[in-house]
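Reading through the structure tokens given below for one structure.
Any read-out appearing in this document is the output of simple, stated calculations on the displayed coordinates, not a laboratory observation. Because the structure is a prediction, the values reported are computed rather than measured. Cβ: placed from backbone, ideal geometry, glycine included. Neighbour counts: every protein chain shown.
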Ligand SMILES: Nc1ncnc2c1ncn2[C@@H]1O[C@H](COP(=O)(O)OP(=O)(O)OP(=O)(O)O)[C@@H](O)[C@H]1O
Ligand SMILES: [Mg+2]
């Protein structure tokens, strides 16, 4: 459904571009959830905004690569141009629903507005569809909530409203950028469950962005691990958790509290990711990698297929617990 190839997003002048997303490739199929995970600043949001055609202007731009949606190249098109051209539809939800909702308009009107834009209906039919969408996202008492204002809802309910607005365009691809990070754990589990259910029911492809490996374990079918603008490992969730091959992935997993229950202090991945523009030759992770060799600092790492559907960007990948 969604195919991203060698996507490169850059800042600065054409003659001296600074890549904040460097050659990212992944696919998401219908009915599948791909988790994109990585530390703050690694380029997850820039990747998702570039895929949506919503990069902030002026600023970062797509310098290379392709975004193919349902067979059509939509790389340089904005979302409404894609719809006008008859291409597939994508929608996006964000971390903080309050900033996306209008505080002085009723929930029903805000969802109906999205329905009006996409279905060319207004008035009672639009409100009826808004109610249907609230039912779809399992909002308690949807008829009553239509007339509520955003501040009258809980954080979890507001996120359900945002999902309802996103679903108004009947998206084939839903991009969720940290939609549960601001929610408490029990509500987070409910929203993740809802997204899983909607993915199957509506046969959508979901790209789910998070910095939390625990969320990936709960929700995703496959995972792409991002570091300094690159995807360093891609695999099915079971393969990644059972046998991570990239040293960075392993580091992220060691930081998970559940996997280190009882540890006196949780391990961390020491050091900082490189700032865009400071990246030199060799593996971007080498300065923080305990297993790095001279070769890692000198030459770019190869992308190795360690098994069917499992790729790693590393010259010396882990092999079931230790360096190969
Ligand atoms: N509007 C912008 N203009 C220029 N640089 C930006 C802009 N937004 C982000 N950046 C830079 O691009 C890089 C990638 O940022 P991005 O927001 O994609 O990271 P992220 O992985 O989503 O992080 P987080 O987990 O904190 O949301 C960072 O180095 C950031 O400083
Ligand atoms: Mg982000």
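Couple of notes before you dig in:
- Based on every Cα atom in the chain, Rg and the maximum pairwise Cα distance Dmax equal 20.7, 68 Å.
- Comparing 180, 299, 249 in a Gaussian network model of the chain (Cα springs below 10 Å), the most mobile by mean-square fluctuation is 299.
- Folded to 0 to 90 degrees: helix 107-119 orientation relative to the chain principal axis, Cα: 80 degrees
- Value of relative contact order over region 90-228, rounded to a whole percent, pairs C-alpha under 8 Å and six or more apart: 30 percent
- For region 103-170, alpha-carbon Rg relative to the globular expectation (2.2 N^0.38 Å, N residues): 0.96
- In plain terms, the residue of 30, 44 with the fewest other Cβ atoms within 10 Å comes first and the most crowded comes last, giving 30, 44.
- Highest-fluctuation residue, 147, 45, 25 considered, GNM on the chain with Cα pairs under 10 Å: 147
- Efficiency of FRET between residue 61 and residue 147 - r from beta-carbon atoms, R0 45 angstrom, step 0.05: 0.60
- Residues considered: 29, 64, 164. Largest GNM mean-square fluctuation over the chain, using C-alpha springs under 10 Å, is found at 64.
- Of the residues 223, 237, 137, 104, the one with the fewest other Cβ atoms within 10 Å heads the list, and the complete ranking is 104, 237, 137, 223.
- Folded to 0 to 90 degrees: helix 155-167 orientation relative to the chain principal axis, Cα: 80 degrees
- Counted residue by residue at 0.36 nm each, then reduced by the alpha carbon distance between them, the extension gain from residue 81 to residue 279 reaches 67.8 nm.
- Between the helical axis of 123-136 and the longest alpha-carbon principal axis of the chain there is an angle of about 40 degrees.
- Counting beta carbons within 10 Å around each of 256, 204 and listing the fewest first gives the order 256, 204.
- Relative contact order %, the chain, counting alpha carbon pairs below 8 Å whose residues are six or more apart: 20 percent
- Rg/Rg_ref, region 22-141, where Rg_ref = 2.2 N^0.38 Å and atoms are Cα: 1.24
- The ellipsoid equivalent to the alpha-carbon distribution of region 209-269 has semi-axes of 19, 13, 10 angstrom, derived from the gyration tensor eigenvalues as √(5λ) and listed largest first.
- Residues in region 79-116 that a label on residue 3 would reach, taking backbone N under 18 Å of a point 7 Å out along Cα→Cβ: 87-90
- A crude spin-label estimate for the pair residue 98 and residue 128, with each label 7 Å from Cα along the Cβ direction, gives 3.6 nm.
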